[in-house]
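Structure, as C-alpha cells:
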Amino acid sequence: MSSKLEQKEAHQTNGVVLPVMAVPVDSLASPDRQQLVEFLEPDQEGVEVVVLESRANAKGVREEDALLENGSQSTESDDISTDQGPVPPSPLKETSFSIGLQVLFPFLLAGFGTVAAGMVLDIVQHWDVFKYVTEVFILVPALLGLKGNLEMTLASRLSTAANIGHMDTPKELWKMIMGNMALIQVQATVVGFLASIAAVIFGWIPDGHFSIGHAILLCASSVATAFIASLVLGMIMIGVIIGSRKIGINPDNVATPIAASLGDLITLALLSGISWGLYIELEDKPYVNPLVCAFFIALLPLWIIIAKRNPVTREVLYSGWEPVIIAMAISSVGGLILDKTVSDPNFAGMAVFTPVINGVGGNLVAVQASRISTYLHMSGMPGESSEKAPRKCPSPCNTFFSSDVNSRSVRVLFLLVVPGHLVFLYTISSMQGGHTTLTLIFIVFYMTAALLQVLILLYIADWMVHWMWGRGLDPDNFSIPYLTALGDLLGTGLLALSFHILWLIGDRDTDVGD
C-alpha cells in the first residue's frame, strides 16, 4: 500500500496535480481555470483561500492524442509562485508521419540485428555443443525472449518515467538507474536458471534420456548468458532513453526497438560462445560448470538489496515474477518446436529466419504496448477509472481503424511489416543465409505468417494493456513479457507451419541446398 501511495505522490508532483497555493480572493477571477475554493474565515475581508487545481484540468491541458511534448518537459509545473501566468500550451500532436519517422530507423536497426542473429544461429547449429546437447536449441527462444522481457520492460518503464518527469534531476536519474539495473540482474539470474530447468525437462520427456553433466552445462550457460546480456543491454538502454529525451524524441518510439537491435545478436553470441567453452571443459574439468553457475547465483543477495531500496523497483521485485516466468515457459515451447524442426531436412533454412520473424513481431508489439502504457499513465494511476481505459474488450475496428493516436500507431506499425521483412529477406538472401532461394511462393507464405503474427499481437496488446490497467497492474511491468513470448511462440509456430506446407507442395525440394 505504501508503494502505491508513493507512486501516486510522484505522479502528483510531476505535472498531474499542481501544488496547493494560498492566494488572495481577487486573483481568482480567471475563466480559464477550474478551482476548488475553501473559505477559511468568510466573515472577514481580504480573506485568503486555498486553491487546488483539479485533476480534470491537469489532464485537460493534454490533448487526447498527445503522448509527450516535443522536447524535454519543463519544470514550470513546480513553480508555486502566485503569479497567474497563461496556461502552458498543449503538447504537440503526433501524426502518423511523425510516428513512422521516429519508429522507422530503430525498427530497421533492430531488424538487421535479428538478421545477424539468424546468420549466427545458422552457423552455430552445426557446432558440436548444438549437435550433442540439443537442448541448447530450447534455450535460444527462451533466452532471446528473456532479453525481450527484461530489456523491453526496462525500456518501457524508464520511458514512462522520463515522460512523466521522474528522471529530470540527477538524483532521481541515478536512483532509477541503480534500482532498475539491480532488478533486471535479479530477474535475469532467476529466470535464466528456470529456463535451463525447462530445457532439461523438455529435452528429457520426449527422449527419456537424462545427463547430469549436460543439465549443469545448460544451467551454467543459461545463467551466465542471461546475466551478462542483461548487464550490457541495460546500460545501452539507459543511454538511449537519456539521449532521446535530451534531443526531443519520444523514448517510447525508439527505446524498445533499439533494445532489440543488438539484443538478439549479443544474447545468441554469448549463449553459443559460453556453451561451447563450457562443453570443451566438460570432460577434463567437470567442476567448472557448477562453479560458474554458483558464482552468478551467489551475487543474487547483492542485487536484491539494491533493488529493494527503490520504491518502484521494490514493488516489481515482489510482484513482477509471474509475467517473466510464464513468458519464459511460453518461449520454451517455441524453443521445443525449433529443437524438433531445425535438424529436419524438410525444414532446412528455418534457423536463419526464426530470430527475424520473432524479433520483428516482438519489437513492433513492444512499441505499441509502451505507447499505450504511457498514454494511460498520463491520466493517473493504474486501477483508476478513466475514459482512456475502456473496460470492455476492444473491437478490431476500434483497434485498427479509429481516429485516436493509438490506432494511428497500430496502422503505422502494421504497415512496416511487409517492407521491413522484404529488406531483411533480401539481406539474408544476398548473404546466402539458410541456403534458401527466395521464390515467390516462399515469400508469400513467409509474409502471410509475419502479417498474421503481428496482426494478432497488436490486437492482443490493445486488449491486454487496458485490461491490466483496469486491474491495477502497471502495463510497463506486466504486458510486454507476455506479448513478446506470444510473439516467439506465434512466429516459430507459423514459420514451421509455412515450411511444412512448402515441403508438402514441393517448393522446398528445389530451393534448399545442402
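Shape class of the range 261-353 from the alpha-carbon gyration tensor: oblate, with a/c at 1.5 or above and b/c at least as large as a/b.
Couplings for the range 454-466, taken from phi via the Karplus curve 6.51 cos²θ - 1.76 cosθ + 1.60 with θ = phi - 60°, read 5, 4, 5, 5, 5, 5, 4, 4, 4, 6, 5, 4, 5 Hz in order; Gly and Pro are left as x. When peptides 225-231, 212-218 are sorted by average Cβ neighbour count within 10 Å, with the highest value leading, the order is 225-231, 212-218. Note that the range 342-348 has calculated 3J(HN,Hα) couplings of 5, 8, 7, x, 5, 10, 4 Hz, one per residue in order, obtained from phi through the Karplus relation 6.51 cos²θ - 1.76 cosθ + 1.60 (θ = phi - 60°); glycine and proline are x.
The numbers here are math on the coordinates, done by the rules we state, and not lab data. What you see is a predicted model; the values in this text were computed from it and never measured. So basically every Cβ, Gly included, is an ideal-geometry build from the backbone, and we count neighbours across all protein chains shown.
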